[in-house]
Amino acid sequence: MNVVIEIETPLADDVRALVAALNEWALEQTPREFTHHMTVEQMAEPNTTVFVARDKTGAALAMGALKRHGDGPKKFGEVKRMYTLPTTRGGGLAGMIVARIETLARQEGLTRLALETGAVESFASAWRVYERAGFTRCGAFLDYPPDSPHNIYYEKMLSV
């Protein structure tokens, strides 16, 4: 698949459409109180960088974001808002976006990436993407619920 992955604003209409599609899909899988969505406005804040994959026609196919948390040696990155259109799943786009997120995190000197994802089987393809990228399951972080049957947490330690 011939795609370009670039840093973009989440405020563009077609990126907003990806976010809306992700929200709709996630809410079909997980009770609202266990979803941890960022709005496009939150995604546009300076502590977050959004990557968008586009095909040769310019159509937005997939996205993912790096959100930074903390300061100094405790600063780490969180992978957020990963989504690939159903028509393009299985083509490696999610893995390419995770790789771009990791590259940026390393360039910024972050030593840890973490993420939260759903715990039902419909998230299994996401688990495979993260595990292929070297993420391992871990406990809850930040203010995520530690004993939720609806959430799974992953992390990856980065050497810079």
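The simple Förster model, with R0 at 25 Å and r as the Cβ-Cβ distance, assigns residue 59 and residue 28 a FRET efficiency of 0.60. Of all the options 91, 139, 72, the one that moves most in a Gaussian network model of the chain with Cα springs shorter than 10 angstrom is 72. Its residue count N sets the reference 2.2 N^0.38 Å, and the alpha-carbon radius of gyration of the stretch 1-40 equals 1.39 times that reference.
Loop-located trypsin sites (Lys or Arg not before Pro) in the stretch 1-60 (DSSP state not H, G, I, E or B) with no more than 12 neighbouring Cβ atoms inside 10 Å: 56. Of the residues 98, 120, 50, which exhibits the maximal mean-square fluctuation in a Gaussian network model of the chain defined by a 10 Å Cα contact cut-off? Looking only at 98, 120, 50, the largest GNM fluctuation is found for 120. Distance between the 7 Å Cα→Cβ label points at residue 35 and residue 16: 1.8 nm.
Does the stretch 1-83 come out rounded, prolate or oblate by the C-alpha gyration tensor, with a ≥ b ≥ c the root eigenvalues, rounded set by a/c under 1.5 and, if not, prolate when a/b is larger than b/c and oblate if not? Here the stretch 1-83 falls in the oblate category.
Here the stretch 87-141 and the stretch 9-78 have alpha carbon centers that stand 13 Å from each other. Near residue 37: Cβ cut-off under 15 Å, other residues only, Lys/Arg at +1 and Asp/Glu at -1. The net charge is -3. For the chain, the membrane-span-like helices by this rule, meaning whole DSSP H stretches whose C-alpha atoms cover at least 15 Å of axis and whose Kyte-Doolittle mean is 0.5 or above, are 93-107; this says nothing about an actual membrane.
Label the stretch 100-160 by shape, choosing from rounded, prolate and oblate, from the square roots a ≥ b ≥ c of the eigenvalues of the Cα gyration tensor; if a/c is under 1.5 it is rounded, and otherwise prolate applies when a/b is larger than b/c, oblate when it is not. Here the stretch 100-160 falls in the oblate category. What lysines does residue 56 reach when the alpha-carbon gap must be under 28 Å and sequence neighbours fewer than 8 apart in one chain are set aside? Once the sequence-local lysines are set aside, what remains near residue 56 is 67, 80. What residue among 108, 33, 24 has the largest mean-square fluctuation in a Gaussian network model of the chain, using Cα springs under 10 Å? Maximum among the listed residues: 33. Give me the net charge of residue 52's neighbourhood, meaning all other residues with Cβ under 9 Å from the Cβ of residue 52; Lys, Arg count +1, Asp, Glu -1. Summing Lys and Arg as +1 and Asp and Glu as -1 gives -2. A straight chain from residue 150 to residue 128 at 0.36 nm per residue would run longer than the Cα-Cα distance by 6.2 nm. Put a dot 7 Å past the Cα of residue 2, heading toward its Cβ, do the same for residue 104, and the two dots end up 2.6 nm apart. Multiplying the residue separation of residue 42 and residue 111 by 0.36 nm and removing their Cα-Cα distance gives an extension gain of 22.5 nm.
We did not get these values from a lab; they are worked out from the coordinates using the rules stated. Just so you know, these numbers come straight off a predicted model, no measurement behind them. Neighbour counts run over all protein chains shown; Cβ positions are idealised from the backbone, glycine included.
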